[in-house]
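Only one structure is covered here, and it is reproduced in the block below.
The values are calculated or read from the model by the stated rules, or taken from the named source; none is laboratory data. All of these numbers come straight from a predicted model, not from anything done at the bench. Positions of Cβ are backbone-derived with ideal geometry, glycine not excepted, and every protein chain shown enters the neighbour counts. Just the protein is used for accessible areas: all its heavy atoms, side chains included, with ligands, DNA and RNA removed. Shrake-Rupley method; radii C 1.70, N 1.55, O 1.52, S 1.80 Å.
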Amino acid sequence: MAYYDDLVDGEQQKIDLSKVDVSMNGIELQDREFFSAIQEKREPNSSIQQTISAMRVLDRLETQLESKAGTSA
């Protein structure tokens with residue numbers, strides 16, 4: 001996640017930016033990391049791929065809760 005002056009991973013762990021340019025703009029740093037990952041053929045630190053399994057679980061939970069709410073009404 002990019003903040004105005006920081007960049008953190010999905011677990012809110014600060015990403016070491018000491019080897020990155022002097023900018024402290026979180027959005028700019030996120031963009032730089034993304035393009036660096038493409039150039040280096042690796043997954044970016046802020047990859048959506050890392051969240052897909054959690055999103056699937058949340059979707060199943062939401063579906064189950066909606067199903068139960070519909071049967072108790």
Based on DSSP H runs of at least 4 residues, each adding -39500 (n - 2.57), what is the mean residue ellipticity at 222 nm of the chain after dividing by all its residues, to the nearest 500 deg cm²/dmol?
-16000 deg cm²/dmol
Size of charge dipole - the chain - debye, nearest 20, with Cβ of Lys, Arg +1 and Asp, Glu -1, no other charges
340 debye
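Could you tell me what percent of the accessible area of the chain is made up of carbon and sulfur, with a 1.4 Å probe and every protein chain present? Could you put the intermediate results ahead of the total?
Working: 3330 of 6070 Å².
Here carbon and sulfur together make up 55 percent of the probe-accessible area.
Can you give the FRET efficiency to the nearest 0.05 for ARG60 and GLU28, using r as the Cβ-Cβ distance and R₀ = 35 Å? Don't skip to the end; give the middle numbers.
Working: r = 36 Å, r/R0 = 1.04.
Here the calculated transfer efficiency is 0.45.
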Placing +1 on each Lys and Arg Cβ and -1 on each Asp and Glu Cβ in the chain, then taking the dipole about the Cα centre, the residue among PHE35, LEU17, LEU61 whose Cα reaches farthest towards the positive end is LEU61
Can you work out the accessible area per residue across the chain, with the rest of the protein chains kept in place, probe 1.4 Å, in square angstrom?
83 Å²
